[in-house]
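The values are calculated or read from the model by the stated rules, or taken from the named source; none is laboratory data. Note that the coordinates shown come from a computational prediction; the quantities given were computed from them, not determined experimentally. Virtual Cβ from ideal backbone geometry, glycine too; neighbours counted across all protein chains shown. Side chains included, ligands, DNA and RNA excluded: accessible areas come from the protein's heavy atoms. Shrake-Rupley method; radii C 1.70, N 1.55, O 1.52, S 1.80 Å.
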Amino acid sequence: ENVFKRTTVDQYNPVLLYLSVDASGSMYGGKWQRVLTVMTALAYAADKIKNLEVVITLRGNLGSGIPTVAVAYDSRKDNFTKAKALFPHLSSSGSTPEGLCYLATMELIQECAKTHTTYFINFSDGEPGCAFKHNGRSIDYGGYTAHKQTKNMVRQMREAGIRVMSYFITEYHMHEYSSSRTAFREMYGQDAEFVEVKNVVNVLKTINKLLLVKE
């Protein structure tokens, strides 16, 4: 019975990992450097692993305050050389549009929805909030309204078949009942995770486990 070698082969659908990074001013410093490390590692993984695509975007606002999604890296078009050249020059500033950027995010993710298993991974360090002018009208985005709008966009992603993982990056242990922790849990539900800066790189381990979960 042991004459023939037995080999088990697991098959997985192609994966699109969509990393959305909060590029607000509060991410500056140690948080930003650790997140850049994760961004670089994911870009490298996409360069080496067959059937894994990674899109890395930064969300923030332009000088006018308009919420903006910037595609920093797309493994379907870019090679790892771009990541090595570009990422060291990226910095964080401005406010946190959060959910206002997620409609554009959904449209980008759904380009591959029929061919890939899609994951939305969020890195953030605070509650949504920004102020800007649109068509001559001043808009103040924050508080309960922003929480509700972000929660609604996350719900729409899940309903579209996108799997969501969200990480709150903090420089210290967050009290279980802090307002920011409560708001983050409300917006992202059971997929919310709280990670201290020194442990950010460990996020890669949880992402790896996520990818190995079979249907």
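Do we find a residue being of a type in the set (F, W, Y) and either touching a His at 6+ places or on another chain (Cβ under 8 Å) or part of a strand (DSSP E or B) (or both) anywhere in segment 96-110?
Keep residues of segment 96-110 that are of a type in the set (F, W, Y), which gives 102.
Narrowing further to those that are either touching a His at 6+ places or on another chain (Cβ under 8 Å) or part of a strand (DSSP E or B) (or both): none.
No, the conditions are met nowhere in segment 96-110.
Please go through segment 161-208 and pick out each residue that is of a type outside the set (F, W, Y), assigned to a loop (DSSP other than H, G, I, E, B) and farther than 22 Å from T118 by Cβ. Walk me through it before giving the result.
To start, the set of residues in segment 161-208 that are of a type outside the set (F, W, Y) comprises 161-166, 169-171, 173-176, 178-183, 185-187, 189-193, 195-208.
Still in the list and also assigned to a loop (DSSP other than H, G, I, E, B): 161-162, 171, 173-176, 178.
E171, H173, M174, H175, E176, S178, listed by residue number.
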So the check is Cβ under 6 Å with 6+ separation or different chains; which pairs have a first residue in segment 139-158 that's open to solvent by 60 Å² or more (accessible area, probe 1.4 Å) and a second one that's small (G, A, S)?
D140/A131
Restricting attention to segment 95-131, the residues that are touching a residue at least 60 places away in the same chain (Cβ under 8 Å) and over 15 Å from T57 (Cβ atoms) number exactly 8
With respect to C101, is the statement that it is surrounded by 15 or more Cβ atoms within 10 Å (Cβ to Cβ), among the hydrophobic types (A, V, I, L, M, F, W, C) and more than 20 Å from F168 (Cα to Cα) true?
no
Look through T150, T57 and report the one residue that is closer than 20 Å to G25 by Cβ and in a strand (DSSP E or B).
T57
Please work out if I121 is open to solvent by less than 10 Å² (accessible area, probe 1.4 Å), at pLDDT below 90 and either more than 29 Å from Q33 (Cα to Cα) or outside any loop (DSSP other than H, G, I, E, B) (or both).
no
